[in-house]
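Everything on this sheet refers to the single structure shown next.
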Amino acid sequence: MKHLKLTSVIIVVLMIVSLSLSGCSGTKSGLTKITVMEVTHSVFYAPQYVAITEGFFEEEGLEVELIDGQGADKVMAALLSDQVEIGFMGPEASVYVYSQGKEDYAVNFAQLTQRDGSFIVAREPNPSFTFEDLRGKEILGGRKGGMPNMTLEYVLKNNDLMPGEDLNVRTDVQFGVMAGAFAAGEADYTTLFEPTASMIEKDGVGYVVASVGEESGYIPYTAYSAKESYLEENPEIIQSFTNAIYKGMLWVAENDAETVAKSLQPHFPDADLDILINVVERYRSIDAWTPNPVLTEEGLDRLQDVMTEAGELS
C-alpha cells in the first residue's frame, strides 16, 4: 500500500510539472502573444526587428511571433481569415479590401516606411546609370497592383518611360523568387529589397544602380493593419504594439549603423555584418524610415494618387 501511495504521489507531481511546462512553452509569463505576418523579410523594416531584439515588445507586455508572408496578397488573406492578428504590408492592400465593400475591413494603424525600399539591379556595374538606360530593356517589377510594381511604374513614367511601350516591366515572377529568376538569366534588370540586393552584389550576379525610393519621394509604403473588429476589441494591444514599434524607430535613429546592424544580425544570419552595416546606411541615406508611426491623410492621398496612376484604383 505504501508503494502504491508513493507511486500515486509521484504520478500526480509529474502531471503537475508537465502541465506547468506545457503552459510555459506557449507564452512567456505575463506576456500577450500576437502573430504578425510581414510582407517580406528585409532590413527595410529594421525598426521592427530592433524592437524584438532590444526587448521593446516585452516592455509593452507582448510576445510577437513573426511570419514571412512573401507578398501583400498573402498577408491580407491571412489577416482577413484570422490566421494572424496584425498584417504588415503596403497599405494599398487595405484600400483594395475597403473598395470591395468588405464589412470587417483592414485598417492601417501604424506606418513604418516612407519610401520605396527596392533597388534597381543591373547585370553589370554602371556608376553613370540613368533611367534612359532602361529604354528597350526588360525589368522584373513584382506583382501587378503591389506597391513595388506601382511605385516602379510611377518612377518610370516620371522619367518619360512608358511601361509596355518603352520597356517591358514583367509582373509574372513572384516577389519572393525574383532574385533567383534574375540570377538564372531572366530579364536585363530587376528590383530587389535589402539585404538580397547586396548579397547578389557580393556574389557578382548583379549590381545596384539606382534606388526606386530615392526617385519616388515620400509615400506611405509599408504599414501595420488589423481588422476593424480586432482594433475595437483590443485597443490596449494595438497601442502597446505601436509603442514598441515607435521605440524601435527612435533606437534606430539614435544609434550608428554598426550598432543597428548588430541588433539586426539574429534576424539575418545569412548576411555578413559588413553587408548589414552597408544596407542600414543605404536605407538611412534615402530617409526610408518614418520619424513616427502616424499615417497622415496627406500620405494616404499620395498613395491613392499612385494607385490611380497605375490604373489600379478608379
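Extension gain for residue 259 to residue 181 (0.36 nm times residue separation, less C-alpha to C-alpha distance): 24.8 nm.
For the pair residue 205 and residue 231, the difference between a 0.36 nm per residue extended length and the Cα-Cα distance amounts to 4.9 nm.
When each of the peptides 109-117, 246-254 is scored by how many other beta carbons lie within 10 Å of its residues on average, the order from highest to lowest is 109-117, 246-254.
Entry note, the chain: the mean residue ellipticity at 222 nm calculated from DSSP H runs of n ≥ 4, each adding -39500 (n - 2.57), is -13500 deg cm²/dmol after division by the residues and rounding to the nearest 500. Computed about its Cα centre, the charge dipole of the chain is approximately 1280 debye, with only Lys, Arg, Asp and Glu carrying charge at their Cβ.
Each principal axis of the Cα atoms in segment 49-198 has its own extent, and those three values, largest first, are 52, 39, 27 angstrom.
With 26 Å as the limit, the listed pairs 157/227; 74/227; 227/262; 144/202; 33/74 have 157/227; 227/262; 144/202 beyond it between alpha carbons. The GNM of the chain, with springs linking C-alpha atoms under 10 angstrom apart, assigns the highest mean-square fluctuation among 225, 42, 99 to 99. Over the Cα atoms of segment 118-216, the radius of gyration divided by the Kirkwood radius equals 0.91; this is the Rg/Rh ratio.
Within the set (1) 41, 23, 18; (2) 43, 25, 20; (3) 37, 22, 17, the number that semi-axes √(5λ) of the Cα gyration tensor in Å takes when calculated for this structure is listed as (1). Based on protein heavy atoms only, the chain ends up with 47 Å² per residue of surface accessible to a 1.4 Å probe. Computed over protein heavy atoms with a 1.4 Å probe, the carbon and sulfur contribution to the accessible area of segment 118-216 reaches 45%. Within the accessible surface of segment 43-117, defined with a 1.4 Å probe on protein heavy atoms only, the carbon and sulfur portion equals 42 percent. Shape class of segment 225-314 from the Cα gyration tensor (axes a ≥ b ≥ c, square roots of the eigenvalues): oblate, since a/c reaches 1.5 or more and a/b does not exceed b/c. Normalised by the number of residues in segment 118-216, the average gap of Cα pairs under 8 Å and 6 or more apart makes the relative contact order 48 percent. Given +1 at the Cβ of Lys and Arg, -1 at the Cβ of Asp and Glu and no other charges, the dipole of segment 118-216 around its Cα centre is 260 debye to the nearest 20. Candidate membrane-span-like segments in the chain, meaning DSSP H helices with Cα atoms spread over at least 20 Å of their own axis and a Kyte-Doolittle mean of 0.0 or above, are 2-26, 235-254, with no membrane implied.
The values are calculated or read from the model by the stated rules, or taken from the named source; none is laboratory data. These figures come from a predicted structure and were not determined experimentally. Quick reminder, even Gly has a Cβ in these numbers, built from the backbone with ideal geometry, and neighbours come from all protein chains shown. Ligands, DNA and RNA are excluded from the accessible area calculation, which covers all protein heavy atoms including side chains. Shrake-Rupley method; radii C 1.70, N 1.55, O 1.52, S 1.80 Å.
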